[in-house]
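Quick notes on the structure that follows.
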Amino acid sequence: MQVICPLCQSPMQTSDHRWFCCNNHSFDIAKQGYCNLLAVQHKKSREPGDSADMVAARHRFLSGGYYQGISQHVNQLVSSVITAEQSPHILDAGCGEGYYTDELRKQLAADGIASDVMGIDIAKPAVLQAAKRNKNIRWFVANSSRMPVADDSAEILLSLFSPIPALEFYRCLKPQGALILATTGDQHLIELRELLYDTVKSDSYTADASLLEHFTLNKKITVTETIQLSSTQSIKDLLAMTPHYWRVSPERKQVLDELSSLQLTIDVQLHLYNPKL
């Protein structure tokens, strides 16, 4: 997958622990193995994306295996669109702390499929954590709305519970590529939401006009299961990795401090889209 310069969009290559382009723009590779390609002028805040505390909570929760079922369904869907002769280029846009990206890369390796996997996220703490998961994945701090890859680079592009800049995804995908989205269904974490809100609103996803303009829906899979959280820490970690963390008052969050276990409904929609030709 061709990496491009975030400043001039020229192709970049790597050598001596840095990425650089023909216009002498250079970006150091951190000792942890990731590279920060998020240009200052493309930031909307000093430290965009999830904070270090939120990343730590997400890492603890996902490493506990609570969302392993979701990961397995994502991996199966990816495998279903890979042809026998492919060594696919896979881009995870909004990879967070790298759980799903890492699980996918390991599954492909176990299946004997050579792959070029790249993960990007706007949050530096998230990419730092992701880089510790798997050294066989290229990790970059970057914005999904300005991805540092050339046109028609990826056979498969993932956006799992992340923003969906449809036009940018269309640019980066090959014409015969596949876009895989993971979104929440109406009953996702319904028990948690009932604890936090007096009135629970619909939490399901609806495709916007830009996505439908550039992509055709090929398949939709519903992942439903029940999980059991067995500690106050895991419950609070889950809250910290959802939008509800920012929406509810401190008083409502304190309700969770009194819980030592919580049974939750998982309701996730996986969507497979193909670019319109």
**Q.** Tally, over the range 78-88, of residues that are open to solvent by 10 Å² or more (accessible area, probe 1.4 Å) and part of a helix (DSSP H, G or I)
**A.** 2
Q | Any pair with Cβ under 9 angstrom, 6 or more apart, that starts in the range 114-137 at a residue that is farther than 13 Å from residue 99 by Cβ and open to solvent by less than 10 Å² (accessible area, probe 1.4 Å) and ends at one that is assigned to a helix (DSSP H, G or I) and hydroxyl-bearing (Ser, Thr, Tyr) | A | 117/101; 118/101
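Against the definition (aliphatic (A, V, I, L, M) and surrounded by 22 or more Cβ atoms within 10 Å (Cβ to Cβ)), how does residue 108 come out, yes or no? Write out each step before concluding.
On the way: aliphatic (A, V, I, L, M): yes; surrounded by 22 or more Cβ atoms within 10 Å (Cβ to Cβ): no.
Answer is no for this residue.
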Q: Scan the range 238-262 and report the pairs whose first residue is of a type in the set (Val, Ile, Thr) and whose second residue is open to solvent by 20 Å² or more (accessible area, probe 1.4 Å) and part of a helix (DSSP H, G or I), with Cβ atoms within less than 6 Å and a gap of 6+ or a chain change.
A: 255/195
**Q.** Some residue of the range 180-187 being in a loop (DSSP other than H, G, I, E, B), open to solvent by 10 Å² or more (accessible area, probe 1.4 Å) and closer than 26 Å to residue 32 by Cβ
**A.** no
Q: Filter the range 218-277 down to the residues that are in a loop (DSSP other than H, G, I, E, B), among the aliphatic types (A, V, I, L, M) and touching a strand residue (DSSP E or B) at 6+ places or on another chain (Cβ under 9 Å), then identify the one that is most open to solvent (accessible area, probe 1.4 Å).
A: 277
Q.
Every residue in the range 46-77 that is more than 16 Å from the chain's Cα centre (by Cα), touching a residue at least 12 places away in the same chain (Cβ under 8 Å) and in a loop (DSSP other than H, G, I, E, B), please.
A. 47, 64, 66
Q: Output the residues belonging to the range 203-217 that are touching a residue at least 24 places away in the same chain (Cβ under 8 Å), part of a helix (DSSP H, G or I) and either under 16 Å from residue 67 (Cβ atoms) or open to solvent by 70 Å² or more (accessible area, probe 1.4 Å) (or both).
A: 213
Q | Residue satisfying all of: in the range 138-158; of a type in the set (D, E, K, R) and in contact (Cβ under 8 Å) with a residue 40 or more places away in the chain; nearest to residue 57 (Cα to Cα) among these | A | 138
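The values are calculated or read from the model by the stated rules, or taken from the named source; none is laboratory data. The structure presented is a predicted model; accordingly, all values stated were derived computationally and were not measured. We place every Cβ from the backbone using ideal geometry, glycine too, and count neighbours over all the protein chains shown. With ligands, DNA and RNA removed, areas are computed over all heavy atoms of the protein, side chains included. Shrake-Rupley method; radii C 1.70, N 1.55, O 1.52, S 1.80 Å.
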